[in-house]
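J.: Dropping a structure here in structure tokens format, bear with me for questions.
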Amino acid sequence: MINNIYNYIYLLGLSTVRRLKKLGKRIKSVVLRPLRALATLIFTALIVIDKFTLKSFHEMTADAKSLFENTKRVLSEARADGKVTAKDRIKKFPLYFSKMWRLYKQVFVYAGNIVLPIISLIIMLNVIFSWSETTFALELTYNNKVIGFVKSEAEYKTARKQAVDRLQISTAEGSAEDGDEELIGNAEYSLKTVKLSKISDADAICDRLIENSNRKITNACGVYIDGKFLCAVKNETDALAVFDNILSEYETDDESSVSFVEDINYVQGLYPDNENTVWDAKRLSEKLAEKKSEARYYTVKEGDTVSQIAEECEVSTAHIFALNPELEESIYVGQRILIENDVNFVQVQITKTETHTEKIKYSTVKINTDSLYEGDSKVVVKGSDGEQTVTELVTYIDGVRVSSKEVSRVTTKEAVDEKIQVGTKRNYFSGSSSGSYNFSYSGAKFCWPGVGASIISSRYGRRALNGWHNGIDLCRPGGSMGAPVVAAESGRVVYAGYEGMGGYVVRIDHGNGIVTMYAHLKSGSTCVRSGQYVSRGQQIAQIGGTGFVTGPHLHFEVRVNGNRVNPAPYLGIG
């Protein structure tokens with residue numbers, strides 16, 4: 001079985017090879033036959049071109065070869081003939097050239113047709129490249145000397161103005177040594193073609209005008225503050241060191257940015273060489289240490305206010321309070337108020353990042369509840385402020401904070417809302433034996449303990465008849481017996497029963513050390529028991545005359561930490 005499979009695969013391979021060989025031969029005959037025909041055609045065309053078109057070229061080549069050999073032969077014979085001098089050879093050259101021209105005219109013409117265009121092309125390219133690096137410019141002549149080339153008259157005028165400004169520096173502080181004499185005369189200029197590399201800018205022409213102005217000048221570094229010339233220093237490094245020393249006094253270890261408020265520029269060039277213009281580093285340092293303006297104060301007069309002073313001095317009230325942190329709205333005559341700080345000759349600006357914490361004020365959320373009476377409230381969640389970390393980019397000028405820009409604000413502690421339960425239960429009660437009643441609440445700490453008992457028969461304090469009175473006595477017009485007695489505030493009953501001279505009494509603990517007592521209650525009217533929680537305005541008994549009394553009334557006391565105090569403020573009365 002295996003041998004049959006092997007024989008089959010072998011025969012299949014032989015058959016495939018034979019078919020591929022036949023296919024290759026057919027492709028070869030199809031492709032190579034046209035290529036051979038094309039090659040034959042191209043070869044024939046080249047022969048025709050060579051025979052007819054390049055015939056003159058072959059003939060010229062043969063003549064050029066003959067001309068070269070004849071010339072070589074004549075030169076060899078001339079050298080071999082020792083009797084012929086160099087002068088005679090030169091005389092014979094025209095005759096030789098004339099003879100060669102007649103014999104080989106075609107060679108010379110053909111060579112000329114090739115060489116002359118090449119030479120012309122070379123000349124043309126040379127001209128193009130030459131003009132690409134050349135332009136028209138104004139040649140400047142000053143004091144009979146060419147000082148340079150500029151693109152336009154405007155460029156020259158700019159340079160001349162710069163030169164005049166520099167030379168006028170010498171008279172900036174009162175020097176008038178030149179009088180009305182023109183500092184820089186006009187230069188003569190004419191149109192020229194020059195290379196681009198020879199054209200100068202305004203700054204270079206300015207230096208050359210000054211250099212050729214017949215004045216005493218020097219090369220120095222000019223110091224300009226906000227575009228205005230201050231002085232020139234021989235060494236630029238010295239000038240830079242003076243300003244760097246000022247900045248170094250304000251530098252810190254943090255990442256603060258320190259710079260000058262003013263725009264400081266250093267211009268290297270030619271300047272008048274005199275003491276008014278050229279300073280040394282010491283003089284420059286002394287000048288920069290001066291004040292640009294002194295501090296300004298205002299002395300308060302009779303009838304002045306801060307807002308009036310601000311308006312008169314043309315500043316804002318916020319500006320005045322910022323410069324005078326100790327200042328208050330109430331000012332007094334003779335008081336000195338700072339209006340403007342000292343202004344240094346050069347001001348230093350510091351920009352740095354600062355962070356501070358701000359409080360997030362908590363909100364109050366009121367929740368209505370019928371578990372409390374109207375007018376009652378109870379804090380169930382005490383509110384607390386949150387905190388935020390505020391990052392600002394703050395700018396100081398000479399140590400005074402002038403501006404700030406908030407960069408970020410991150411909450412580090414969330415505020416907790418205060419939740420207050422507000423009572424909605426109506427202040428209406430049904431007494432145990434006296435029918436319905438409404439208790440009185442005036443918004444004071446306690447409500448009125450005796451319903452309808454609007455008469456105060458005896459106040460807290462010393463009495464003429466029997467010494468000190470520890471509470472207040474309340475009576476009702478038309479008779480107090482049986483009038484409802486209510487809890488002045490919510491709390492827990494700590495005693496309800498008979499107590500000697502006070503008769504039947506009830507004491508209620510309201511927390512925080514405050515206890516109220518209700519005495520001379522009607523026998524059998526007490527409707528609360530010890531340990532019971534009562535609400536503000538809830539009836540606890542009725543007015544009676546038990547104990548040591550001259551008539552029915554309610555004796556009401558307030559005790560704080562065991563000490564009897566005047567109940568009047570707790571009831572909102574005087």
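J.: Which of the residues that make up the range 528-545 are aliphatic (A, V, I, L, M) and assigned to a loop (DSSP other than H, G, I, E, B)?
T.: Val528
J.: Say we look at the range 146-189 and pick out the residues that are in a strand (DSSP E or B) and at pLDDT below 85; which of these is nearest to Thr135 (Cα to Cα)?
T.: Among those that are in a strand (DSSP E or B) and at pLDDT below 85, it is Tyr189.
J.: Separate question: Out of the residues in the range 556-570 meeting the condition of being modelled with pLDDT under 95 and closer than 13 Å to Asp473 by Cβ, tell me which one is surrounded by the fewest Cβ atoms within 10 Å (Cβ to Cβ).
T.: If we take residues in the range 556-570 being modelled with pLDDT under 95 and closer than 13 Å to Asp473 by Cβ, then Ala568 is surrounded by the fewest Cβ atoms within 10 Å (Cβ to Cβ).
J.: While we're here: Which is farther than 18 Å from Asn344 by Cβ, more than 44 Å from the chain's Cα centre (by Cα) and surrounded by fewer than 13 Cβ atoms within 10 Å (Cβ to Cβ), of Lys216, Lys198?
T.: Lys216
J.: Considering Ser530, Ser490, Ser535, Ser523, which residue is surrounded by fewer than 22 Cβ atoms within 10 Å (Cβ to Cβ), of a type in the set (S, T, N, Q) and within 60 Å of the chain's Cα centre (by Cα)?
T.: Matching residue, one of Ser530, Ser490, Ser535, Ser523: Ser490.
J.: Please specify each residue of the range 367-377 satisfying the condition of being at pLDDT 80 or above and either out of contact with any strand residue (DSSP E or B) (no Cβ under 6 Å at 6 or more places or on another chain) or surrounded by 14 or more Cβ atoms within 10 Å (Cβ to Cβ) (or both).
T.: Hit for the range 367-377 is Thr369, nothing else.
J.: Okay, moving on. Out of the residues in the range 271-310 meeting the condition of being under 25 Å from Ala241 (Cα atoms) and of a type in the set (S, T, N, Q), tell me which one is surrounded by the fewest Cβ atoms within 10 Å (Cβ to Cβ).
T.: Ser293
J.: Here's something else I'd like to know. With a cut-off of at least 3 residues that are closer than 30 Å to Glu489 by Cα and of a type outside the set (S, T, N, Q), name the strands (runs of 3 or more DSSP E) lying wholly within the range 287-405.
T.: Because the criterion is at least 3 residues that are closer than 30 Å to Glu489 by Cα and of a type outside the set (S, T, N, Q), the strands (runs of 3 or more DSSP E) in the range 287-405 that meet it are 364-373, 377-381.
J.: Every residue in the range 263-286 that is of a type in the set (S, T, N, Q), outside any strand (DSSP E or B) and within 22 Å of Asp398 (Cβ to Cβ), please.
T.: Within the range 263-286, just Ser285 meets the criteria.
J.: With the checklist (1) exposed (fewer than 13 other Cβ atoms within 10 Å of the Cβ); (2) touching a residue at least 12 places away in the same chain (Cβ under 8 Å); (3) under 18 Å from Val233 (Cβ atoms) in hand, flag the one item Gln268 doesn't pass.
T.: Condition (1) is where Gln268 drops out.
J.: Follow-up question, since we're still on this one. Only one of these is out of contact with any strand residue (DSSP E or B) (no Cβ under 7 Å at 6 or more places or on another chain) and either under 30 Å from Leu521 (Cβ atoms) or modelled with pLDDT under 80 (or both): Gly423, Gly435, Gly461, Gly471. Name it.
T.: Gly435
J.: While we're on this one: Being touching a residue at least 12 places away in the same chain (Cβ under 8 Å) and of a type outside the set (A, V, I, L, M, F, W, C) is the filter; apply it to the range 402-411 and report the residue that is nearest to His319 (Cα to Cα).
T.: Among them, the one singled out is Ser404.
The values are calculated or read from the model by the stated rules, or taken from the named source; none is laboratory data. Just so you know, these numbers come straight off a predicted model, no measurement behind them. No Cβ is skipped: glycine too gets one built from the backbone with ideal geometry, and neighbour counts run over all protein chains shown.
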